[in-house]
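The values are calculated or read from the model by the stated rules, or taken from the named source; none is laboratory data. Computed from a predicted model, the values in this text were never measured in an experiment. No Cβ is skipped: glycine too gets one built from the backbone with ideal geometry, and neighbour counts run over all protein chains shown. Heavy atoms of the whole protein, side chains included, go into the accessibility calculation; ligands, DNA and RNA do not. Shrake-Rupley method; radii C 1.70, N 1.55, O 1.52, S 1.80 Å.
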Amino acid sequence: MKNLGKFGEFGGVFVPETLMPALEELEAAFEKYKKDEKFNKELDSLLTEYAGRPTALTFAENLSRKFGCKIYLKREDLAHTGAHKINNALGQALLAKYMGKKRIIAETGAGQHGTAVATAGARLGLDAEIYMGTIDIERQKPNVFRMKLQGAKVNPVVTGSKTLKDAINECLRDWTGSVRETYYLLGSVLGPHEYPTMVAYFQSVIGKEAREQIMKKEGSLPKAVIACVGGGSNAIGIFKGFLDDKGVELIGVEAGGLGIESGKHAARFADPKIGKKGVLHGNLTYVLQDKFGQIYNTHSVSAGLDYSAVGPEHSMLRELGRAKYTYATDKEALDAFKLLSEEEGIIPALESAHAVAYAIKYAKECKKDDVIVVNLSGRGDKDIFHVAKEIGAEI
Amino acid sequence: MNRYEKRFAELKKNGKKALMPFVVLGDPDYETSSEILKEMMKHADALELGFAFSDPIADGKTIQAADVRALDSGINPDKCFELIKEIRKIDNDIPIGLLVYYNLIYANGIDNFYKKAKDAGVDGILAADAPIEEAGPLLKSAKKFGINQIFLVTPTITPERLKTILASASGFVYLVALLGVTGARKELGAETVSLIKKVRPETKLPICVGFGISEPEHVKKVCDAGADCAIVGSAVEKIIEKNLGNKEKMLSEVSDYLSKMKNATE
């Protein structure tokens, strides 16, 4: 292995030996094809002609008026399949195809990554198998059906938390037994090296577009860029465009669940009692755990943020002080979900609603000409049944 | 000479091979686990002991279930070390190895974990999810406290990786008999024998073969192929799982099974 994917002290390659040769192969293939003209041409074409990129940067007129500053939304909800996950799924599925793999496996929480992988599999002629916790299958039913419609096999995960964490465990176990012919298409900026680096690379298109778009519209950089953080791929994707612009505040919003004091949340950075450095799923990062190192299960109203660890690059950005991290509770996210729907006619994913919730708080402290960019990482169609249940509405 | 060297030298002198049973400490509870260990020691040449972890990615369903039972009964690494101290008192010669996930070591403080292990009478530590690339801090602590750092050798290994791993390995080589996670299988892995033959000329360390070994016939085959020891884990855990309501039966079945497996090494 050429490099161990370290972000400061974070990251690394903590996996059983069986997977190491496959990770070496992955590192070599990614390094090769990201510079390959044919690969890049094909990926560009997929992103523009198939996935609908670039996505719009929408001025949220009504919200801006209401809160007294300029709020822009980076519309990843408009990308094909309805979330930023497609950027990475197409990139990696294409890589898998170039590597000669026929079968792709993936974990999913909210089902957005699973759907994106099923989509990429259908388009590129790869057999897709998705692992999904039974709790998530229940709360994200529309996405489960979408995956199946596109020919993917959905494997319910009944172990442990029955959510994203254990779906990743099952993928790693599957891969350990199938590593020679199977490509593991990991969906976030986590896992062992090369994944955090590679997923960030495929998602950096969000930030690249957003920076160009805001410069064109405003002629200046925003005061802040705000994104929700589960594993953290949409956040890294948009942050990448502004990392060198030191004046731009980068803010990640974790899932505060029922509140930090309740202990029922997925805020790895906000609760120092249980959010500590540790190793989960191949990398060293901040992990919710007990004093012996056993991993805690998490709680969030949104399946996509319901995860015990956070991408290692976020841990580094936080330690460097380059990004700051806060949280929004379930209730704040549900309120933002309704507010954005009513004010702008955009139904956000519950995950993205966390970013909107904090953006509203942040906007209240802003001046009239301050510009905020919120990454609207996905659309909320998948969440309507779950939200209806949460707020006691009938469909 | 460390305990692994001593034990394997004795066996070799007598023309014998070894049996190394594995069990998750604290499964199904501390007291029963202690009794199971005592039964195991009647037939074991060495012990491989698992620390239950919430997210055991290298383990199949049987050992996952054992981890859950052990954690539900309130086991933690400190209690595991107590349990090891207990059995160390009974037998001061048997080599004892740990199979543990990295985060349990890290959360304890790496040096601190190795010190506790040494104090409890542990001889070897295998971190299931720490490949050689990440093993630097572990090797440092292992050296400091006189513990053997054990590494996995798997069917996917490249000649370069094998060389690098063997340069740092001590105690024994844990040869993974199949492509996949732990779990009893009906047939021995298709690549097991060829992997043993590939590794045998490369090292003087004992080769212990685990993953998927459940029948006396598997033990015979790996020993005949040039391995020094068979490791059996999930098959033992299955007996525990099957007899959760009947401790006497559990203990006698574990004993009978291991006796049969030990005979296959002779």
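Against the empirical 2.2 N^0.38 Å (N residues), the stretch A:1-96 has a Cα radius of gyration ratio of 1.51. Radius of gyration (Cα atoms) of chain A, expressed as a multiple of 2.2 N^0.38 Å: 0.90. Summing Cβ point charges (Lys, Arg +1; Asp, Glu -1) relative to the Cα centre of the stretch A:51-141 gives a dipole of roughly 320 debye.
Counting every C-alpha pair in the stretch A:99-258, the share spaced more than 24 angstrom apart comes to 41%.
Which percent of the accessible area of the stretch B:126-266 is formed by carbon and sulfur heavy atoms (probe 1.4 angstrom)? Before the final figure, lay out each step's value.
On the way: 2970 of 5670 Å².
Carbon and sulfur together cover 52 percent of it.
Comparing the full protein assembly with the isolated chain, the residues of the stretch A:4-46 losing at least 20 square angstrom of accessible surface (1.4 Å probe) are A:Leu4, A:Val13, A:Phe14, A:Val15, A:Pro16, A:Glu17, A:Thr18, A:Met20, A:Pro21, A:Glu24.
Could you compute Rg(Cα) / (2.2 N^0.38 Å) for the stretch B:140-266, with N its residue count? Working it through for the stretch B:140-266, the quotient is 1.15.
Please compute the per residue accessible area over the protein assembly as shown with all protein chains in place, 1.4 Å probe, rounded to a whole number of Å². List each step's numbers first, then the result.
On the way: 24000 Å² over 661 residues.
Averaged over the residues of the protein assembly as shown, the accessible area is 36 Å².
Using Cβ point charges alone (K and R +1, D and E -1), the dipole size of chain B about the Cα centre works out to roughly 900 debye.
Using DSSP, restrict attention to beta bridges with both residues in chain A and report what percent are antiparallel, rounded to the nearest 5.
Working: 18 of 53 bridges.
Rounded to the nearest five, the antiparallel share is 35 percent.
Our Cα-only numbers for the stretch A:235-372 put the radius of gyration and Dmax at 15.4, 49 Å.
Interface residues of the stretch B:155-192, defined as a loss of at least 50 Å² in heavy-atom accessible area between the chain alone and the complex of all protein chains with a 1.4 Å probe, are B:Thr156, B:Arg161, B:Leu179.
Per residue of A:291-303, how many C-beta atoms from partner chains lie within 10 Å of its own C-beta, taken as a mean? Before the final figure, lay out the partial values.
Numbers: counts 3, 15, 15, 12, 5, 1, 1, 0, 0, 0, 0, 0, 0.
For peptide A:291-303, the averaged partner shielding equals 4.
The apolar share of the surface of chain A, taken as the fraction of accessible area on carbon and sulfur atoms (1.4 Å probe, ligands and nucleic acids excluded), comes to 52 percent. Based on the Kirkwood radius over alpha-carbon pairs, what value in µm²/s does the Stokes-Einstein equation return for the translational diffusion coefficient of the stretch A:179-304 at 25 °C and 0.890 mPa s? It comes out at roughly 152 µm²/s. The radius of gyration of the Cα set in the stretch A:345-395, together with its Dmax, comes out at 13.5, 41 angstrom.
So, in Å, what gap is there between the alpha-carbon centers of the stretch A:1-54 and the stretch A:181-205? So the separation of the two Cα centres works out to 6 Å.
Antiparallel as a % of all DSSP beta bridges within the protein assembly as shown, to the nearest 5?
Details: 18 of 79 bridges.
Of the beta bridges lying entirely in the protein assembly as shown, close to 25 percent run antiparallel.
Taking the three principal axes of the alpha carbon atoms in the stretch B:184-231, the coordinate ranges are 29, 17, 16 Å, sorted in descending order.
Among A:49-59, A:129-139, A:290-300, sorting by the average number of other beta carbon atoms lying within 10 angstrom of each residue, highest first, gives A:129-139, A:290-300, A:49-59.
Just tell me how shielded B:57-66 is by partners: mean number of partner chain Cβ atoms within 10 Å of each residue's Cβ, no decimals.
4
Cα convex hull, the stretch B:90-139: 77 Å³ per residue, rounded to a whole number.
Pick out which of B:Val199, B:Val173, B:Val23 has the largest mean-square fluctuation in a Gaussian network model of chain B, springs linking Cα atoms closer than 10 Å. In this elastic network of chain B, the residue with the biggest mean-square fluctuation among B:Val199, B:Val173, B:Val23 is B:Val199.
Residue-normalised convex hull volume from the C-alpha trace of the stretch A:153-238: 127 Å³ per residue.
Pull out a ≥ b ≥ c, the square roots of the eigenvalues of the alpha-carbon gyration tensor of the stretch A:46-150, then state rounded if a/c is under 1.5, prolate if not and a/b is larger than b/c, and oblate in the remaining case. Intermediate results must be reported in sequence, preceding the final value.
Working: a/c = 3.17, a/b = 1.64, b/c = 1.93.
Verdict is oblate for the stretch A:46-150.
Relative to the Cα centre, what is the charge dipole magnitude of the stretch A:98-191, using +1 at the beta carbon of each Lys and Arg, -1 at the beta carbon of each Asp and Glu, and rounding to the nearest 20 debye?
Numbers: 13 positive and 9 negative charges, 43 e Å.
Charge dipole of the stretch A:98-191: 200 debye, to the nearest 20.
Take every DSSP beta bridge whose two residues both sit in the stretch A:247-356; close to 55 percent of them are antiparallel.
Using the C-alpha gyration tensor of the stretch A:118-198, what are the square roots of 5 times its eigenvalues, in whole angstrom, with the largest one first?
Values: eigenvalues 73, 61, 29 Å².
Taking √(5λ) for each Cα gyration eigenvalue gives 19, 17, 12 Å.
Kirkwood's formula applied to the C-alpha pairs of the stretch B:1-77 gives a hydrodynamic radius of 13.8 angstrom. Using alpha-carbon positions, what is the distance between the centroids of the stretch B:70-109 and the stretch B:202-266, in Å? Computed from Cα coordinates, the inter-centre distance equals 20 Å. Take the alpha-carbon positions of the protein assembly as shown, form their convex hull, and give its projected area averaged over all directions (one quarter of the hull surface) in nm². So the Cα hull casts an average projection of 28.5 nm². Which positions within the stretch B:115-139 get 50 Å² or more of their accessible surface covered by the other protein chains, compared to the chain by itself, with a 1.4 angstrom probe? At a threshold of 50 Å² (probe 1.4 Å), the residues of the stretch B:115-139 that become less exposed are B:Asp129, B:Pro131, B:Glu133, B:Glu134. A Stokes-Einstein calculation at 4 °C with viscosity 1.567 mPa s, built on the Kirkwood radius of the stretch A:291-361 over Cα pairs, returns a diffusion coefficient of 95 µm²/s.
Kindly compute the accessible surface that chains A and B hide from a 1.4 Å probe when together, both sides summed, and give it to the nearest 100 Å². Display every interim value, and only then the final one.
Working: alone 15430 and 11630 Å², together 24000 Å².
Approximately 3100 Å², summed over both chains.
Rg and Dmax, both from the Cα atoms of chain B and both in Å, are 16.8, 49.
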